[in-house]
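Written out below as structure tokens is the structure these notes cover.
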Ligand code: HPA
């Protein structure tokens with residue numbers, strides 16, 4: 001354990017003022033992350049080359065365990081609550097071709113009360129350790145009839161509708177520019193590779209724009225119509241903060257959604273969180289195949305950031 005705040009509630013309240021977690025006036029976010037990095041290096045745990053974050057209902061078998069799993073609460077200097085009885089964990093995995101991936105089974109969401117800095121803590125720690133790529137998956141509602149439940153959709157771009165941004169406040173200049181360019185935030189080369197791997201494996205991969213919402217309520221039908229007009233193909237409650245933080249620190253990002261339902265009002269059925277988890281679990285075979293093919297592909301590791 002590094003240093004815990006007494007309660008998430010308190011951290012959240014103070015975060016609203018400070019822009020990052022409550023650690024008292026003399027311990028900034030940068031100092032916290034530096035300490036997490038130092039502890040990682042001192043413990044002799046190898047450095048991950050990529051961070052993989054999988055969302056609702058997905059839990060993949062990616063290769064040989066190399067270290068961990070660690071509950072987030074052991075990795076982070078703030079309280080992390082179990083979700084539905086399961087601790088959120090990360091572990092270091094060695095892929096078949098010997099690459100080290102830090103695999104986060106689940107993530108923290110802003111709708112749970114975590115601050116943007118907490119939501120992206122592992123992204124930043126990975127970047128500071130030297131990782132070069134972020135791969136994220138999420139569960140999403142579809143706004144397009146040609147992307148029905150069960151579809152795998154590469155994220156081409158996003159619309160951040162959370163009202164949040166992890167770059168708000170004063171961050172160390174060494175982390176990246178204050179006003180990072182988010183054109184091609186979702187790396188075009190990696191997207192092409194991912195689509196090719198889908199074709200080779202016979203797994204159709206769509207492409208779409210992801211609207212990131214705060215949640216946790218699902219959308220109203222009017223909101224869904226509005227987001228469609230705005231240019232969104234998918235709606236979800238994660239990913240955008242992580243990708244902003246990753247791009248800020250120079251990581252390449254690849255994201256894809258697993259469509260678990262049609263957007264509210266587009267079909268007669270109600271959206272249900274249990275359905276989201278169930279369909280996420282059912283489509284996990286295709287996603288597991290695509291991710292392991294991606295990591296087995298030397299081109300993934302060698303492509304330069306665009
Ligand atoms: N809306 C928002 N987030 C979601 C949805 C949805 O319909 N499905 C899965 N995550």
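Just report the Cα centroid separation between the stretch 208-245 and the stretch 82-142, whole Å.
Between the Cα centres of the stretch 208-245 and the stretch 82-142 lies a distance of 20 Å.
Rounded to whole Å and sorted largest first, list the principal axis extents of the Cα atoms in the stretch 56-178.
Each principal axis gives a Cα extent; for the stretch 56-178 these are 41, 39, 32 Å.
Cα-based Rg (one decimal) and Dmax (whole number) for the chain, in Å?
When restricted to the Cα atoms of the chain, Rg and Dmax are 18.3, 55 Å.
What ranking do 193-206, 142-155, 113-126 get when scored by the average of other Cβ atoms within 10 Å per residue, highest first?
113-126, 142-155, 193-206
By count of other Cβ within 10 Å, fewest leading, how are 269, 35 ordered?
With the sparsest Cβ surroundings first, the list reads 269, 35.
Please label the shape of the stretch 231-301 as rounded, prolate or oblate, based on the square roots a ≥ b ≥ c of the eigenvalues of the alpha-carbon gyration tensor (a/c under 1.5 means rounded; beyond that, a/b larger than b/c means prolate, else oblate).
oblate
Considering Cα pairs under 8 angstrom that are at least six residues apart, work out the relative contact order of the chain and quote it in whole percent.
Taking the mean separation of contacting Cα pairs over the length of the chain, I get 23 percent.
What's the ranking of 181-192, 129-140 by average number of surrounding C-beta atoms within 10 Å, highest first?
Ranked by mean Cβ neighbours within 10 Å, highest first: 129-140, 181-192.
Write down the Å³ per residue value for the convex hull defined by the alpha carbon atoms of the stretch 129-184.
Taking the convex hull of the Cα positions in the stretch 129-184, it is 137 Å³ per residue.
Could you work out the helix-only [θ] at 222 nm for the chain, with each DSSP H run of four or more residues adding -39,500 (n - 2.57) and the total divided by the number of residues, to the nearest 500 deg cm²/dmol?
-9500 deg cm²/dmol
Note down the relative contact order for the stretch 153-269 as a percent, whole number, built from C-alpha pairs under 8 angstrom at least six residues apart.
The value is 42 percent.
Looking at the stretch 6-302, send over the antiparallel percent of its DSSP beta bridges, to the nearest 5.
Expressed as a percentage, antiparallel bridges in the stretch 6-302 total about 35.
Values in this text are rule-based calculations from the coordinates and carry no lab data. Note that the coordinates shown come from a computational prediction; the quantities given were computed from them, not determined experimentally. Note that we place each Cβ from the backbone using ideal geometry, even for glycine, and neighbour counts take in every protein chain shown.
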